[in-house]
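Worksheet: the structure to be examined is printed underneath.
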Amino acid sequence: MIEKRKSWMSLLAISDQNDLLNLWDQKKIKISYEWLRQPEIGSIMAQGKMGVTGDKFNIGEVTITRCSVKLDCGTIGHSYVQGRSKRKAEISAVCDALLQTKMSKEVNENIIIPLEKIKKDKRDKILSKAEATKVDFFTLVRSESD
Amino acid sequence: MYVAVKGGEKAIDNAHSWMSEIRRGDPSVPNVSLNQITEQLTLGVDRVMSEGSLYDKDLAALAIKQSRGDLIEAIFLLRAYRTTLKRFSYSKPIDTANMLCLRRISATFKDIPGGQKLGPTFDYTHRLLDFKLLAENETPLSPTQQFENKKVPHVLSFLNQEDLMQKEKDNNLDPIDITREPISFPTSRAARLQALSRGDEGFLLGLAYSTQRGYARNHAFVGELRIGIVEIELNIPELGFDINVAEIILTECETVNQFQGSKIEPPQFTRGYGLVFGQTERKALAMALIDRALRWKELGEDYSGAPAQDEEFVISHCDNIQATGFLEHIKLPHYVDFQSELELIRKIRADAKRNVKRL
C-alpha cells in the first residue's frame, strides 16, 4: 500500500497542472471534503552531491504547494506538488484520499493511468530523440606499412 | 549645513509609467505571452532560474517579461520573490545517475556505455545567422530512434574502479546553507558549490577562462557533461515516507584534472564539479573549473596568487545580485555624502592656500 501511495503521490506531484485539471474536470467526481490544511505555497531546497557521490550541498530552491483534506468518511489526503497551483494541490490531495477508499478504481482509471501514460510518452519522446543524436564513430584504419 | 530633501514622487511615478509603456512596445505588435517565453526563450528562462536560485519556469518567464529582457534584473525579481516563500524542507540528495539524459558527452573517452548523445545543442552549428527563422515557418520534427531505457553510468566511475580517480566520499555531513547563514572564510566546499551554482555566468566564465590561460595551473578535461531530467525526493513528515515532489532539468559537469599526489595520496586524477539548474552548460563547465581551482588547499597544491584560487575573492564577487545592488546604488542620491566631501576639500584647499601665504 505504501509503495502504491508513494507512486501516485509522486505522479500527481510532477504532473502538468493542465493535464490534471482537464482529467479531473472531465470526470466530474462529486465529493465533499473539508480542509485540514489550506493550500500553502512554499519551497524546498534541492540538494546535490559533490562530485556525484560525495557530501551533500544545496543547489537552489523549487516552488512547491501543499495541502491536506479530509473526506466525509474520515479519510485523509495529502499533497506536495511542484509549482504554485493551489487547485493542482487541492485536486491531488483529494485524489490521494479517494485512492485510499472504495473509489480508488475509478480515480485510478480516470486520473492516474492517463497521467502515467502522459509521463511515459513524454519520457519516451525525449529518449528516442536523444538516441537519434547518438554518435556512431567509425575509425579509419591507417596502414602501418609505410 | 544639513538640508533634508523630499520630493520626486511625481517624477518617479511618471518615469515608471513611461517605462511600462515602453516595455509594452508598439501596441500594434502582439503582446509576448509567458508561454512564448518559457517555450521559445528556454535558455534565458534557465539562466534566470539558476541564478535566481528558484526553479519555477512561469515565474522566471514573468520576471524576464517584466524586466524587458534584462536578465540580471529578472534574476533580482526572482531572488526577491524567493525570500517570501516559506521553506518547507530540504530534499534528499539528487542521484544524477538516475538522470534521464537529453545530452551526455565525454571528451575523455570515445566509447562509453550508453554512448555519446549530443542532444539539442548549438555545438557543431556554423554560428551563421539563420535567415530562415525570419519567416515563420513550421519547424520539421526531428528524427527519433529506438532506445533501451537503461541507467546511464557516470563515465568517471570507470576511472574510480581503477583507483585512478580521487573518490568523493559521503561523510553524511549536513552542508551549510548560504541562504540561511552568512558565508565566513575560510569556507567549505559545500558553501562554495552553492554560491557558484547560483553565481553569475559571466563572472564565472571569465574566471574559468583565466584558469585556462594559466592563472592557476589546472588543465581540465571534460570527463562528462550531462543534461537531463531528474526527480526530487522529499521526506513527507505527515506520512513518514519519501515521495517525488518535483521534476527538474539539471546540467552536470565533471572535469578531470591531474594531481601530483601528496605525502598521503598517490598521484591520481581529481575532479572539478558543476551542477546547475536548467540547460546551462557553459555555466556548469565554468563552475567545475573554478571548483577545482579553489580546491588547491585541500589538495596541498601551491597558491599561485591567481584570482580563481582566492575563495574570498571568488565567492564574495560571484553573486550578481549583491554586485549589482552595490554597484547600482551609487547612482541614487548621495547629496549629503557628497556635500561633506565638498566641504572637506574646500577646507583643505583654503588651509593649503593660507599656509602658502605664510611661507
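The values are calculated or read from the model by the stated rules, or taken from the named source; none is laboratory data. If you're wondering where the values come from, they're calculated on a predicted model, not measured in any experiment. Quick reminder, even Gly has a Cβ in these numbers, built from the backbone with ideal geometry, and neighbours come from all protein chains shown.
Quick notes on this one:
- Residue within segment A:11-19 that is within 11 Å of chain B (Cβ to nearest Cβ), farther than 30 Å from B:Tyr273 by Cα and among the hydroxyl-bearing types (Ser, Thr, Tyr) present: yes
- Some residue of segment B:201-213 being assigned to a loop (DSSP other than H, G, I, E, B) and either at the interface with chain A (Cβ under 8 Å from one of its Cβ atoms) or in contact with a strand residue (DSSP E or B) (Cβ under 8 Å, 6 or more places away or on another chain) (or both): no
- From B:Arg47, B:Arg68, residue being part of a loop (DSSP other than H, G, I, E, B) and more than 22 Å from A:Gln17 (Cα to Cα): B:Arg68
- Boolean, A:Ala89 is surrounded by fewer than 19 Cβ atoms within 10 Å (Cβ to Cβ), of a type in the set (Gly, Ala, Ser) and under 30 Å from B:Gly278 (Cα atoms): no
- Across segment B:72-81, not a single residue is classified as hydroxyl-bearing (Ser, Thr, Tyr), outside any helix (DSSP H, G or I), outside the structural domain of B:Gly223 (by TED's automatic domain parsing) and at pLDDT 95 or above.
- Of the residues making up segment A:106-117, none is under 22 Å from the mean Cα position of the chain (by Cα), more than 14 Å from chain B (Cβ to nearest Cβ), surrounded by 14 or more Cβ atoms within 10 Å (Cβ to Cβ) and in a loop (DSSP other than H, G, I, E, B).
- Evaluation of B:Tyr55 against (1) more than 10 Å from every other protein chain (Cβ to nearest Cβ); (2) crowded, with 17+ Cβ neighbours inside 10 Å; (3) touching a residue at least 40 places away in the same chain (Cβ under 8 Å); (4) not charged (D, E, K, R) (one fails), failing number: (1)
- Here B:Ser197 clears all of (1) within 10 Å of chain A (Cβ to nearest Cβ); (2) of a type in the set (Gly, Ala, Ser); (3) farther than 17 Å from B:Ile321 by Cβ except the condition numbered (3).
- Residue count for segment A:85-106, restricted to those that are of a type in the set (Val, Ile, Thr) and under 15 Å from A:Asp19 (Cβ atoms): 1.
- B:Leu59 in a helix (DSSP H, G or I) and within 27 Å of A:Arg37 (Cα to Cα): yes
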